[in-house]
Structures are given as C-alpha cells and as structure tokens.
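Heads up: the structure comes next, in structure tokens.
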Amino acid sequence: MAQDRLISVDAFRGLTVAAMVLVNNPGSWTFVYAPLRHAPWHGWTPTDLVFPFFLFIVGISISLSLGRRAAEGTPNGALVLKIVKRSAMIFGLGLFLHLFPKFHIAVFRIPGVLQRIALCFLFGALIFLKARLRTRAALAVLLLLGYWALLTFVPVPGFGPGVLAEQGNLAGYIDSKILAGHIYKPDFDPEGLLSTIPAIVTVLLGTLAGDWLRSRRTNTRKSLNLFAWGMALTAAGLGLDRIFPINKQLWTSSYVVFTAGMALIVFALMFAALEGARWKGWAWPFLVLGTNAIAVFAGSALVVKSLLLIKISDGEHVVNPMTYAYNHWLSPLAGPFLGSLFYAVLFVVFWIALIAPLYRRKIFIKL
C-alpha cells in the first residue's frame, strides 16, 4: 500500500463489508435477532446503517483518490473516463449477480446494491471533479430539500401527495412505471431510481469528510471535528425525523443526514485509533476485507447462489448445504437464533481467511 494511504478508510470500509456479509447470510431467515433485520418501514436498526456507511466511505475515497490525482496533474478527461468505466463495471457486475444462475432476462431485477453503488460513485465523482467543497455542500442541501418536496407535494395517481407508505409513494410509482417487471416488488424497489438521488447525497457528504482529511490539520483536530460534525448531523437527522421520517427503503432526507452523522462518529473513532493512537492490531480483519471490498461482497453473493444449486438429502427433505449445516450442526449446538448468528459469523470468518493471502501479497482486486 502507498505510504500515505489512510488505513482507517480501508478499515471502515472493511467493517462495513463485514456487516453487509453478516446481515445478508443468517443460518435461517426465520431466526434472526431484531438488530440484524432492517426496520419494516419507518425507523431504523443497526442493519439500516450498513449501506449508507458504505456509500459514505465511497465519498471519502473519491475525495482522497481523485483529489490526489487532480493535484498530480492528471487531466480531467482521463479521470472522467476512468470514473465512467469503473461505474459501468460495477453496475454490470450487479446485473450479472441478479441474472445468475438462471439468466431470465425478461423478469430479472435491474436495480440493486451494486447498481446503486455504481450510480452514486458515478455522479458523486463527477460532481467532485466539477464542484468545490461549498458548492457540493449547497448542492447536497438542495437535493435533500428537493427530494423531500417531491415526495411531499407531488401527487401519485390514485393516492394523492405526501404518501410515505410502501404503497402510494412517488418513488415506488416512478419505478413501477419506468422499470415495470424488473424491480424488487411489483410497485416498489428499495434501490429504485428516485431514491438514488438522496443516496448520491450520502456520497457527496462523504467527499466533504474526505476534503477535511486531506487538509493540513493535525490528526487530533481532524478526528475531533469529524466527531463533532457527526454528533450534529445525527441530532439533526433525528430532529428531521418528525417532519420526514427516517426510512432506509425510501432513503429519506432525514435518513441521509442521520446516517451520515453516525458514519462520521464511527469513522472519527476509527481514525483516532488508527491514525492518531496507532492502535492497529484489532483492525487487521477489517483491513483484509476493506482492501478487496467489492470482491468480497460480490463473491459472497455468488458463493451463496452457487450453493443453492446443490441439493442434499435431509431425511424427509432435500435442502441446500447451508440449510443442512444450520439444521444439523449449528442450531442443535446453540439454539435457533444463536445458531443462525454463528452461521453468519462463520461465513464472515471464511471470507477473511479466503482474502487474507491476497492482502498479504498486496493483491487488490479493483473494478
């Protein structure tokens, strides 16, 4: 790794990827502890912090990487081409994971986690190249206000304006009209088109934090200010919840502000520990995952889909290897809920062990 690379960025990214893999792979979806589930609609759980944390660190990385390359004199045209190519590759990988293994093009889902990451990276990076810090901050505020206004005042046929329920909201209506037959539910997709706009703001807020990290201030001052801003944004998000409820699936403006604040708090603590106090040993598993984040996320999904194709006799039933392991080993050993959690933890440990040799050899899979 480059000497000036901030390991706190890789560690935070790795922590987020570990959480993604953990919450996406329980031993049984029937037995999952409440904090490891998404909020049913309004509100939040720790699981609802994971995706925005990843987008926030995408923003930080944009500032650190593109800021350095721009300072080195890399032409904007070359940077734009690289941004577009990387975004297209991530988007294409997301489509492939949705198509695999059946490749039913007529009914496959177009939006998704990787697709949203790709779009948010694309627009966040292009805006970063064209706009300075204050302009990006102003644009972030305008986009959040605009998104609130759209969902509050634009009427949906058959429902009217201001509907924030799962049925009848503007975001779902737009998705059902433009992407009909290719979304998560017939009338809604949590990674849909309109809600990608505030998700881009999450990346923009990350670029502002990245700008602060690139400044000449001391590490102590950087961590303290990031923490202070995190507390302020968290409080502001909770306050805005009364006007525009915190909602991950709609990616509401209050959700953007709240989760950005929480991301700043966690990152500030990790930055202080890793860059300030130089306390690094605990972060090794997260560094392993964070330096190959997309590979781990996509690879874990691909492995699970592949395992679902394998069938094992379970006495009375035919099940996949994951269900077999949970039913016969982990659930009898630890009980249904704890056994389900153990399965998810072991899956994360498996990926740390699998990627560790790449980390030791400084092999980083980039898209």
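Observations on the structure shown:
- Tally, over the stretch 14-32, of residues that are small (Gly, Ala, Ser) and either more than 21 Å from residue 327 (Cβ to Cβ) or free of Cβ contacts under 8 Å to residues at least 12 places away in the same chain (or both): 3
- Evaluation of residue 11 against (1) in contact (Cβ under 8 Å) with a residue 24 or more places away in the chain; (2) part of a helix (DSSP H, G or I); (3) surrounded by fewer than 17 Cβ atoms within 10 Å (Cβ to Cβ) (one fails), failing number: (3)
- For the stretch 330-344, the tally of residues that are out of contact with any Leu (no Cβ under 7 Å at 6 or more places or on another chain) and in a helix (DSSP H, G or I) stands at 10.
- Taking the stretch 313-351 as the range and being surrounded by fewer than 18 Cβ atoms within 10 Å (Cβ to Cβ), more than 18 Å from residue 302 (Cα to Cα) and among the polar types (S, T, N, Q) as the test, only 313 passes.
- Within the stretch 112-129, restricting attention to residues that are assigned to a helix (DSSP H, G or I) and not aliphatic (A, V, I, L, M), the residue that is nearest to the chain's Cα centre (by Cα) is 116.
- Tally of residues being free of Cβ contacts under 8 Å to residues at least 24 places away in the same chain and hydroxyl-bearing (Ser, Thr, Tyr) across the stretch 46-102: 2
- Listed conditions (1) in contact (Cβ under 8 Å) with a residue 24 or more places away in the chain; (2) over 18 Å from residue 255 (Cα atoms); (3) under 20 Å from the mean Cα position of the chain (by Cα) are all met by residue 107, apart from (3).
- Residue 35 vs. criteria surrounded by fewer than 17 Cβ atoms within 10 Å (Cβ to Cβ), closer than 30 Å to residue 165 by Cα, in contact with a helix residue (DSSP H, G or I) (Cβ under 9 Å, 6 or more places away or on another chain) and without any contact (Cβ under 8 Å) to a residue 40 or more places away in the chain: yes
- The number of residues in the stretch 2-32 being farther than 18 Å from residue 264 by Cβ and among the charged types (D, E, K, R) comes to 2.
Residue-by-condition table, conditions (1) free of Cβ contacts under 8 Å to residues at least 12 places away in the same chain; (2) hydrophobic (A, V, I, L, M, F, W, C); (3) over 20 Å from residue 10 (Cα atoms):
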site	(1), (2), (3)
276	no, no, no
294	no, yes, no
298	no, yes, no
305	no, no, yes
313	yes, no, yes
342	no, yes, yes
349	yes, yes, no
355	no, yes, no
367	no, yes, no
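- Filter result for residue 106 (of a type in the set (A, V, I, L, M), over 25 Å from residue 215 (Cα atoms) and not in a helix (DSSP H, G or I)): yes
- Selection within the stretch 38-66: residues that are part of a helix (DSSP H, G or I) and small (Gly, Ala, Ser). The member of this set that is surrounded by the most Cβ atoms within 10 Å (Cβ to Cβ) is 59.
- Which numbered condition residue 246 misses (of (1) out of contact with any strand residue (DSSP E or B) (no Cβ under 7 Å at 6 or more places or on another chain); (2) touching a residue at least 40 places away in the same chain (Cβ under 8 Å); (3) of a type in the set (Val, Ile, Thr)): (1)
- Any hit, the stretch 154-168, residues being in a helix (DSSP H, G or I) and surrounded by 15 or more Cβ atoms within 10 Å (Cβ to Cβ): no
- Only one entry of 260, 283 meets the criterion of being within 25 Å of residue 205 (Cβ to Cβ), among the aliphatic types (A, V, I, L, M), surrounded by 20 or more Cβ atoms within 10 Å (Cβ to Cβ) and not assigned by TED's automatic domain parsing to the domain that holds residue 223, and that entry is 283.
The values are calculated or read from the model by the stated rules, or taken from the named source; none is laboratory data. The structure displayed is predicted, hence computed values, not measured ones. Using ideal geometry, Cβ is built from the backbone for each residue, glycine included, and neighbour counts are taken over all protein chains shown.
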